[in-house]
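Structure, as structure tokens:
The values are calculated or read from the model by the stated rules, or taken from the named source; none is laboratory data. It should be emphasised that the depicted structure is a prediction, and the values quoted were computed from it without experimental measurement. Using ideal geometry, Cβ is built from the backbone for each residue, glycine included, and neighbour counts are taken over all protein chains shown.
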Amino acid sequence: MDRRTAIKFLGATIPTLFLGKFSAAHTYLGRVPFHPDWRSLENYQVPDWFRDAKFGVWAHWGPQCQPERGDWYARGMYQEGSDQYNYHVEKYGHPSVFGFKDVIHQWKAENWNPEELMELYQNAGAQYFMALANHHDNLDLYRSSHHKWNSVNVGPRKDIIKGWESAAKKRGLKFGVSVHAAHAWTWYETAQRSDKEGKFAGIPYDGKLTKKDGAGKWWAAYDPQELYAQDHALSLDSKDDNTVHRQWHWDVNSGVSVPTKAYCENFKARTLELINNYKPDIVYFDDTVLPLYPISNVGLEIAADFYNKSVQANKGKVDVVINGKILNEQQRKCLVWDIERGQSNTIEPQPWQTCTCIGSWHYDRRIYENNHYKSAKTVIHMLIDVVSKNGNLLLSVPLRGDGSIDDRAKEVVTGIGGWMAVHSEAIIGTRPWHIFGEGPAQEEAPSLHVQGFNEGKGKAFTGDDVRFTTKGNVMYAFIMGTLTKKQLRIKSLGRLAPNSRKVGQVQLLGTNDRIAFQQLDNDLVVSIPDSFVQNSIATVLKIS
């Protein structure tokens, strides 16, 4: 049966225009539910499982963790005089001789145990797990037929994504992949440089090497240009290290070097193969809106394809999620808005997500040694605040280059799990109330700029701050810190407060005892029994 006959058989009325653009595999009951444009993608609805999940853990782990010197190492090691450059020269040698391709070669992930790690994350209350599929360093951490620079061929010679996928799905966790490689084109431009001073002055770094330069080397079978993607003219002002941030949005008026069509299509092929082979529930794009948007349509094409395949697999329902950053109002209907290291100051009409890390995005040994990880208390307070505003929290837990988790990071995760074991019903499966909370912290909440980065800039939560969630006829009130009084007063639940409800029962979560209360005109007054052993992170009232 040919394609036209098959489509006619299904009762389709697809114009001839689309026959060459979409394969029969993209049809569901004779139609194409999503096209690669914003108006079509507005038909997307966030699946209930994501709205219920609230808390995910992310392994933002790859070869840049091997030096244990922090985020964006594969860029910073080519910035003469920078901390990462100086560290690299001392540890590995000069980047004209030992480049990031050689760091990849040393990365073996020898102590990586995804089963043990996933057990830890699940015990912490995570409902979904996100794995780094590639970063701006352009190494695919999965078996790829479109990109020879992948973790099965080089480095650890392991299918990292397969290991994560198997461990997550075995435990019933939703599985996500994060994709960052679209920006390798400009992000790696530092690899085209050379030193300005010293004995290596004028000697190019290895970013311009090609396959013919590899004779007799370990990488003889591989073309460094497929990794570094630097066979192009530099972006305007590329030698200013901050320019990459100003040009992140692919605005051609910014002087950014525009990738070739072949580069864009290869990125699309790699990403679709990742999605098709590993069946993620979430795809996180570390891009403004979508990869390579608006200079290329491949991001929209990937999104439409991902949604369409989900429709086919789920009897007409989209059951997957795409995260994108810096979205306008229309785009927030098409994708799930991700705010990096920050959060909204209001209840958002669409479900959203904040992503953050307890340390550095890529492992930094100094943060561990100086004991600078976020505490379990800080993470739980962020989680409560985000959930009260219709959001989810995706938490990155650093892993060392060898794949192991250090004792302090493990302690944080275990601490989160201890609180969640008692209080998760007030988080998982909840929805926001008509207001997210009350108290002094919200009065001085920092504003949100660009893609985020407002965490930790506001007033710290205290026992005078309250956040709310709901589940059916039950409301949960979170007291954000140590209780300093035996009587709590919650203004938003007074009889005369807007949208207040009649309170019939109050219970301290973690106990089976009802506690005394009075609902006055201006306050709900709750009496805390002397026998109650409070939680120093957050005490939760279950109100019905």
Of the residues in segment 405-422 that are surrounded by fewer than 18 Cβ atoms within 10 Å (Cβ to Cβ) and not charged (D, E, K, R), the one that is farthest from TRP58 (Cα to Cα) is VAL422
Selected residue [in contact (Cβ under 8 Å) with a residue 60 or more places away in the chain and assigned by TED's automatic domain parsing to the domain that holds ALA262] from ALA304, ALA313: ALA304
Any residue that is in a helix (DSSP H, G or I), assigned by TED's automatic domain parsing to the domain that holds HIS105 and at pLDDT 95 or above - is there at least one of those in segment 231-244? yes
Could you please give the count of residues in segment 173-199 that are closer than 28 Å to LYS108 by Cβ and assigned to a loop (DSSP other than H, G, I, E, B)? 2
Does GLY70 meet the test of being in contact with a Leu (Cβ under 8 Å, 6 or more places away or on another chain) and in the same structural domain as PRO291 (by TED's automatic domain parsing)? no
Selection status of HIS249, under 18 Å from LEU290 (Cβ atoms) and in the same structural domain as THR190 (by TED's automatic domain parsing): yes
The helices (runs of 4 or more DSSP H) lying entirely within segment 62-172 that contain at least 3 residues which are of a type outside the set (S, T, N, Q) and closer than 25 Å to TRP187 by Cβ are 73-76, 83-91, 100-106, 160-170
Condition first: farther than 29 Å from CYS65 by Cα, in contact (Cβ under 8 Å) with a residue 12 or more places away in the chain and in contact with a Lys or Arg (Cβ under 7 Å, 6 or more places away or on another chain). Can you find one or more residues in segment 281-292 that meet it? no
Can you pull out the residues in segment 336-378 that are buried (at least 21 other Cβ atoms within 10 Å of the Cβ), small (Gly, Ala, Ser) and touching a helix residue (DSSP H, G or I) at 6+ places or on another chain (Cβ under 7 Å)? GLY359, SER360, ALA376
Within segment 349-436, which helices (runs of 4 or more DSSP H) (wholly inside it) include 3 or more residues that are of a type in the set (A, V, I, L, M)? 376-387, 407-423
Being modelled with pLDDT of 95 or more and more than 26 Å from LEU272 (Cα to Cα), is that true of even one residue in segment 13-36? no
Is segment 275-284 home to any residue that is among the polar types (S, T, N, Q) and not in a helix (DSSP H, G or I)? no
